[in-house]
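Report on the structure given below.
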């Protein structure tokens, strides 16, 4: 790991005005925002660890916390090797720097793709171990003893032979003068004190009393409040604005009209919103005025007639062969709708700019602001905040770009907050995707398998160097590596960028499409073969493999063979994605009118070595809920280029009274760690669709569930 | 056939003919709008006192166009002649009638697609007699049977206002009526019987305010077009004046003096508040077409005119609506008490409704959100409740709380269930609206 | 100038009566613990208490509050029910991103203050108006039961 040290100046540049507020009555870790190392640390052996002479320890978090529990997990990894008491450390958000804090998998500063534990499992431990080695060395030198004769315990170094002890703080200054060791010895897994044991979250003490500052909560001195309205059709422009009524409203201070955005600045958000509502804006819709949900589906299907790029070498299944089964599966356009609406606070100054925002991509956010203003990125101070829900939406910087363009015209700091309507209607979206599946069966088993994936190349847009040979690694993720023993599969990819919408990643990403289509198709093949879906999957997996194991565990827990009443059913999803194996079994009941009620979800997880088991359970529970909202309730539709949904009354989110029972089984494992943020969202969708298939005999091929297709015929 | 039998047959035929004639004449010859009030009708010119027609005193010195704008608002031309998201008065709004869909025409002064070439006489003939400039008969969805009470001066003031607007080029959409309803000439007979085409005549014994109210209610505001039930011939059945009708799937409730099912128990300030703002505390909130009438018409009238309308409405003879329950008391504050046989309805209510309306129905935040005592919740058809759930209600841009529509996110089954839950929990005549009926209302 | 009683203290705000309480709290008084989520009382993120009852502050014109006592998430820990909920939330690690939890905690605190042993149906009735996108509902339900048991012990 690159262990270069950020300069004090770099760190301070990221300091937030105001810092944090101490929670009253609740003990908890201090959460600081970007680069706030006000501990006056003297020992900074790498980009992640700061220890002051008083022993105060700050751990710099290279991955942003957005609910997934990564602050806790990364801190556990460092603390496991550094040997400090997590109850006393301060966690600070890393300032923007790809060089120092680039995600080991993406090389730039990104939190996403369920990569954190996969990428940081060793680097974080090495950082902790290196720092501990240096601290021990300093103490040993002070006592003139062999470092090997010293041990550590929660921030204290002990020399057993002499009974001497000294705190990390006392040797921090001396340790700072040492060179970091070239190689470090990591703990044997048997000696783990933290890794593998449930740990309370370190980010939540300030979340129970309202004191944690999300981006939307910042209040720089003199801040004004603004809200905005972008063209309702992608690519549209402002034709005319009549602001006569808006100007007369109390609290309205300024109206900013740009080529495709209108914003109103006011004394508070309500004044700004009233002002915006009172504007009569005429739009020139431009080229996308005729885009509709129908044109999106048509575009996808037209693209599917192309041959595409071969991802694997297998021969495509002949459509007209004997015992050939083919099917098409599609998933719809979706919004992320995180609970914290899009927002960004900006203070544009001569030749510089300060930003307050919660982003999954801090260096990208910094660069886009610099680009808008025509200043170098270093002139942009970014204060990154804990995020009120990302799900892929905050991997994008369109909101930063819009906010900076507005703020350019405003004196002093301005907080720009999206209304929920703006958040849902003028966003970047999960694209429509489709899979064209084919298989040839012999004795019921596939002897040929083809899967044509049609969808946008998000990686090509997001991280161009990773897009190689015309194949988008995300778009085909979950199609190429399946849990099954498939002979020579033919996987092809057709890149299709839908017209009239901007697309982006959405929790579960590429596997949402590929696991959905693969798992529904496997159920269809089982049906053709006259096999039980569980037995069929067992026959297609290595009996000694991890997939087989999670499948059996889930089936047993779910009572797979227990009888169910009419119009009730169980469905399986078996997946390998993000380095983790999941088997999810859904149990549903389908009402006569076609309403699907999900009653139980059982998921067995093998995600390799587990850092915080309770965090894994939470991510599966939450991922399932996120996927259930989509499979049962969600679709963004377009008419005349405009998004028709606007808020939670028409973009429905699963609520507590619709919750199924959720059982999560964790498989103990010593394998390399896998990702866990996305898999639960992916697996629940095919599991529910397959359960509906079992309950009704109707296989749904397009999400979300359309109850009309499932209504009992009168 | 034996002579005796023949006699009986003849007698039966005569009786049928006579009876039929009596029914027909009852159907064809209906009381005039003010007949209920008795007294002496006088010509406008002979009325002693301030004129009940034209604009209120506050606008006496306004320009013709200003006067026309006021009367255009009073006649609520804009509501029907504007399509959703369209330019005001450019037409195109669809009305789904039992025999097809009608699209309102463009009444901006565009010469090619609007009424820019119309003469005063043509405009008067259209508004008073339902005959277009080219001589075709208009369907009485255009309320000329009411507008014919407006004197020429008022109609021409409206024309002056319309002609002051920016012309909008927007072609009229063809109606989709089937035979025989597409035979417009038949409307001539309708007009002959049901449009008296006679200017408003005040009643000498009544106050100036009452007569002003009568003019507004019966003429430009055309309240009876929705609130009076229709006969088989689609005429306003003035024998059941204001006892309740329908409009675009909504029940337009009883506005007679009946104390439980009409507005007989409402105070005058309550009626005034309802008309001016769309909300009378604890009484009613205007929704659907009435919300439009409030937003685009009543809210723009002067206090004196609103007061006059209330004065007049308070004299309408009571008629009891048997299919409307009396207001209920507040429901229990706990979810645990109340209907238990409708889990789907309860679930939707707790998800989407309770935050604003509260389990008690008192309204959790603002008085507008009170459910208890509203006519809609004691309406066993639940049509209005279902439509409010589907479409939402309240002013979305006026900075006041409003209710969004849930058509996109809840199924017909769920909306039927929550409508039935609401009428059972908060009203006195529980509904049993079926998902299929919600499906039809969804198409409104 | 409006006077509001918030968490036991009097605050003054120079706003018109139509401004929803949410924005007075957040943007005028700087009390940002109460969150904006939807603006139409459909998500519950803005829940505060008025005289102990949970209300959605995004749809509540500040002029209608009068002398009723407002409690926000910043002050809920001073109530027994609120403290019990906060503790249960931390003990069970209910929270993920946390943005909706101000509202969840306010709704939950009102529930356990009025209901000694909330049933699943009581929890549904009190909590279905609060959306969580991270999907913490399993633990919210557990947390309410735990907090109620401790609160009424």
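The values are calculated or read from the model by the stated rules, or taken from the named source; none is laboratory data. Here the structure is a predicted model, which is why all the values come from computation and not from measurement. So basically every Cβ, Gly included, is an ideal-geometry build from the backbone, and we count neighbours across all protein chains shown.
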Residue identified as in contact with a helix residue (DSSP H, G or I) (Cβ under 6 Å, 6 or more places away or on another chain), over 21 Å from residue A:100 (Cβ atoms) and buried (at least 24 other Cβ atoms within 10 Å of the Cβ) among A:380, A:404, A:372: A:404
Enumeration of residues in region A:572-589 that are touching a strand residue (DSSP E or B) at 6+ places or on another chain (Cβ under 7 Å) and surrounded by fewer than 24 Cβ atoms within 10 Å (Cβ to Cβ): A:589
Residue in region A:460-480 that is farthest from residue A:581 (Cα to Cα), counting only those that are assigned to a helix (DSSP H, G or I) and touching a strand residue (DSSP E or B) at 6+ places or on another chain (Cβ under 9 Å): A:461
Matching residues, region C:71-90, being within 8 Å of another protein chain (Cβ to nearest Cβ) and without any contact (Cβ under 8 Å) to a residue 60 or more places away in the chain: C:73, C:76, C:77, C:83, C:86, C:89, C:90
Any chance residue B:165 is closer than 30 Å to residue B:35 by Cβ and touching a residue at least 24 places away in the same chain (Cβ under 8 Å): no
Qualifying residue in region A:206-222 (condition: under 30 Å from residue A:132 (Cα atoms) and either modelled with pLDDT of 95 or more or surrounded by 17 or more Cβ atoms within 10 Å (Cβ to Cβ) (or both)): yes
Count - residues of region B:395-429 that are more than 13 Å from chain A (Cβ to nearest Cβ) and part of a loop (DSSP other than H, G, I, E, B): 3
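Inspect all residues belonging to region B:71-88 and state whether any of them is in contact with a strand residue (DSSP E or B) (Cβ under 6 Å, 6 or more places away or on another chain) and at positive phi. Step through it out loud before you land on a result.
Residues of region B:71-88 in contact with a strand residue (DSSP E or B) (Cβ under 6 Å, 6 or more places away or on another chain): B:81, B:88.
Pick out the ones that are also at positive phi and you get none.
No, region B:71-88 contains no residue that is in contact with a strand residue (DSSP E or B) (Cβ under 6 Å, 6 or more places away or on another chain) and at positive phi.
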Residue in region A:538-559 that is more than 22 Å from residue A:520 (Cβ to Cβ), within 12 Å of another protein chain (Cβ to nearest Cβ), surrounded by fewer than 24 Cβ atoms within 10 Å (Cβ to Cβ) and at pLDDT 95 or above present: no
Boolean, residue B:191 is in a helix (DSSP H, G or I), touching a strand residue (DSSP E or B) at 6+ places or on another chain (Cβ under 9 Å) and touching a residue at least 24 places away in the same chain (Cβ under 8 Å): yes
Filter pass, residue A:456 being buried (at least 19 other Cβ atoms within 10 Å of the Cβ) and over 19 Å from the mean Cα position of the chain (by Cα): no
Helices (runs of 4 or more DSSP H) wholly inside region B:55-132 containing at least 1 residues that are within 19 Å of residue B:301 (Cα to Cα), under 21 Å from the mean Cα position of the chain (by Cα) and touching a residue at least 24 places away in the same chain (Cβ under 8 Å): B:64-74, B:77-80
Matching residues, region B:133-152, being in a loop (DSSP other than H, G, I, E, B) and farther than 20 Å from residue B:95 by Cα: B:133, B:134, B:135, B:148, B:149, B:150, B:151
Complete set of residues in region A:74-117 that are more than 28 Å from residue A:354 (Cα to Cα), under 15 Å from the mean Cα position of the chain (by Cα) and surrounded by fewer than 24 Cβ atoms within 10 Å (Cβ to Cβ): A:105, A:115
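One line per residue, one yes/no per condition, for (1) within 19 Å of residue A:339 (Cβ to Cβ); (2) assigned to a loop (DSSP other than H, G, I, E, B):
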{"residue": "C:26", "(1), (2)": "yes, no"}
{"residue": "C:58", "(1), (2)": "yes, no"}
{"residue": "C:96", "(1), (2)": "yes, yes"}
{"residue": "C:121", "(1), (2)": "no, no"}
{"residue": "C:125", "(1), (2)": "no, no"}
Criterion violated by residue B:349 - all others in (1) more than 10 Å from chain A (Cβ to nearest Cβ); (2) buried (at least 22 other Cβ atoms within 10 Å of the Cβ); (3) touching a strand residue (DSSP E or B) at 6+ places or on another chain (Cβ under 8 Å); (4) within 24 Å of residue C:54 (Cβ to Cβ) satisfied: (3)
Conditions (1) touching a strand residue (DSSP E or B) at 6+ places or on another chain (Cβ under 8 Å); (2) facing chain A (nearest Cβ under 9 Å); number of the one not met by residue C:38: (1)
Residue match in region B:219-240 (condition: more than 16 Å from the chain's Cα centre (by Cα) and within 15 Å of residue B:33 (Cβ to Cβ)): yes
Residue A:163 more than 30 Å from residue A:285 (Cα to Cα) and buried (at least 20 other Cβ atoms within 10 Å of the Cβ): no
